[in-house]
Amino acid sequence: TETMTQDYVKYARAKGVRPKRIVNRHILRNILIPVVTVVGVEFGSLVAFSTITETVFAWPGMGKLLIDSVYQLDRPVVVAYVLLATLLFVTVNFLVDVLYAALDPRVKLAGEQA
């Protein structure tokens, strides 16, 4: 409701833009920016705390595999897990940055003209 009362929404209505286009083009894009941020940050927490959850509840998974590998000094498995987790973090952060550029017109990717 806060976004619906912004000046740019009122201006779009005054110009005669269809309500569906106002919602999709103006309101939804601005609402999704904080959602994308939270999802990106929470994904990191999900990967990090899955290890604790799987260990506490004895669920088989990547986190349990990591803990068992640490106890058995299985370095290749630990390194593979760390590389996989790092790859997931980098990929999610890249996708968040690309979504920012798509959602927020103020954000420009490298090489784009201002």
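Each reported figure results from applying straightforward, stated rules to the coordinates on display, with no laboratory input. Keep in mind it's a predicted model, so treat the numbers as computed, not measured. We place every Cβ from the backbone using ideal geometry, glycine too, and count neighbours over all the protein chains shown.
Okay, here's what the table says:
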{"read-out": "Inter-label distance, nm, simple model (7 Å from Cα along the C-beta direction), ARG18/THR37", "value": "3.2 nm"}
{"read-out": "Given charges at Cβ of Lys, Arg, Asp, Glu: region 1-47 dipole, positive-most of VAL9, ILE33, VAL47", "value": "VAL9"}
{"read-out": "The chain - charge dipole about Cα centre, Lys and Arg +1 at Cβ, Asp and Glu -1, debye rounded to 20", "value": "940 debye"}
{"read-out": "Translational diffusion of the chain, µm² s⁻¹ [Kirkwood Rh, Cα pairs; Stokes-Einstein; 20 °C; 1.002 mPa s]", "value": "123 µm²/s"}
{"read-out": "11 Å cut-off, amide nitrogen to a point 7 angstrom out along LEU103 Cα→Cβ, residues in region 16-32", "value": "28-32"}
{"read-out": "Helical segments meeting 30 Å axial Cα length and Kyte-Doolittle 0.5 threshold in the chain (DSSP H)", "value": "28-57, 75-103"}
